[in-house]
Amino acid sequence: NLSFDFKEDLQGRASIYRSVVRPRVEEVAYRVVIEDNEAELGNPDLDPFTAWNYDASIAYYPTELSVMSAGLFYKTIQDFIFLQTIEDYVFEGRQLDEALIALNGDTADVFGIELNYQQHFGFLGEPWDAFLIAVNYTYVDSEANTGEREITLPKQSENIASFMIGYDKYGWDIRLAMKYRDDYIDELVEEGYDRYTDARTQWDLTVKYEF
């Protein structure tokens, strides 16, 4: 990890690290669920996936109450895990219509950029000194190879964004937040028939008062 202060209000950071992610218990546990001749199977032979991660960012602090930052990241992943529906699957001599199982892919590459802005309006004086905002946007470009197909990385959206406006004064702590993410591949079947999770926008309102 490296950090460098170009100026008092301008800071750069960079990092390189190796990471390992183990499969989820439901993916790696030896389990069989069969209903209507369709099965969900655990896969004890799953390997954890590993990645080399490269990150660089720069942050500018125009005031003590605000920050603007931009970051680039790149990841190269081995043995990523994805869900695959296999039709006409034979399990211990039984012919199944289809089976859902977690498998290891070969490699995946992920490149992205993240933009962030946070601002508290204390410098404006009353009544604006109680308000704050935060805006974040991330763009991700991914390519993955399952060993048979080229796809985008499963469960990875291309566009992710969030916005928050807050009020913090007189004992009140109020936050209204919006989060958005694009659709993404959730489960592989065959080309043209994969299952996607649709794009989603979520709103959350939190209100606290300190007596």
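The values are calculated or read from the model by the stated rules, or taken from the named source; none is laboratory data. The structure displayed is predicted, hence computed values, not measured ones. Glycine also receives a Cβ, built like all others from the backbone with ideal geometry; neighbour counts cover every protein chain displayed. When the accessible area is computed, the model is the full protein with side chains, heavy atoms only, and any ligands, DNA or RNA have been set aside. Shrake-Rupley method; radii C 1.70, N 1.55, O 1.52, S 1.80 Å.
Contact annotation: residue pairs with Cβ atoms under 9 Å, 6 or more positions apart or on different chains, pairing a residue in the stretch 64-83 that is free of Cβ contacts under 8 Å to residues at least 24 places away in the same chain with a partner that is open to solvent by less than 40 Å² (accessible area, probe 1.4 Å), are 64/122. Restricting the stretch 56-103 to residues that are under 17 Å from residue 146 (Cα atoms) and hydroxyl-bearing (Ser, Thr, Tyr) leaves a set whose member that is least open to solvent (accessible area, probe 1.4 Å) is 85. Being at pLDDT below 95 and on the phi > 0 side of the Ramachandran plot is a property that does not hold for residue 45. Quick check, is residue 139 out of contact with any Pro (no Cβ under 9 Å at 6 or more places or on another chain) and surrounded by fewer than 14 Cβ atoms within 10 Å (Cβ to Cβ)? Spelling it out, it is not the case that residue 139 is out of contact with any Pro (no Cβ under 9 Å at 6 or more places or on another chain) and surrounded by fewer than 14 Cβ atoms within 10 Å (Cβ to Cβ).
Condition test on residue 146, is it within 20 Å of residue 52 (Cα to Cα), surrounded by 14 or more Cβ atoms within 10 Å (Cβ to Cβ) and touching a residue at least 40 places away in the same chain (Cβ under 8 Å)? Yes. The single residue among 100, 46, 72, 83 that is in a loop (DSSP other than H, G, I, E, B) and either out of contact with any Phe, Trp or Tyr (no Cβ under 6 Å at 6 or more places or on another chain) or within 30 Å of residue 10 (Cβ to Cβ) (or both) turns out to be 46.
Taking the criterion of being among the β-branched types (Val, Ile, Thr), open to solvent by less than 100 Å² (accessible area, probe 1.4 Å), under 23 Å from residue 153 (Cβ atoms) and without any contact (Cβ under 8 Å) to a residue 24 or more places away in the chain, no residue of the stretch 1-51 qualifies. Does residue 55 satisfy the criteria of being part of a strand (DSSP E or B) and modelled with pLDDT under 85? Considered against the rule, which asks whether it is part of a strand (DSSP E or B) and modelled with pLDDT under 85, residue 55 comes out as no. Remark: pairs (first residue in the stretch 193-211, under 22 Å from residue 133 (Cβ atoms); second residue at pLDDT below 95 and open to solvent by 100 Å² or more (accessible area, probe 1.4 Å); Cβ separation under 6 Å; 6+ apart in sequence or on different chains) = 209/172. From the list 166, 171, the lone residue that is under 22 Å from residue 125 (Cα atoms), open to solvent by less than 60 Å² (accessible area, probe 1.4 Å) and in contact (Cβ under 8 Å) with a residue 40 or more places away in the chain is 171.
Go through the stretch 174-201 and give me each residue that's open to solvent by less than 80 Å² (accessible area, probe 1.4 Å), under 28 Å from residue 127 (Cα atoms) and charged (D, E, K, R). The one that is open to solvent by less than 80 Å² (accessible area, probe 1.4 Å), under 28 Å from residue 127 (Cα atoms) and charged (D, E, K, R): 175.
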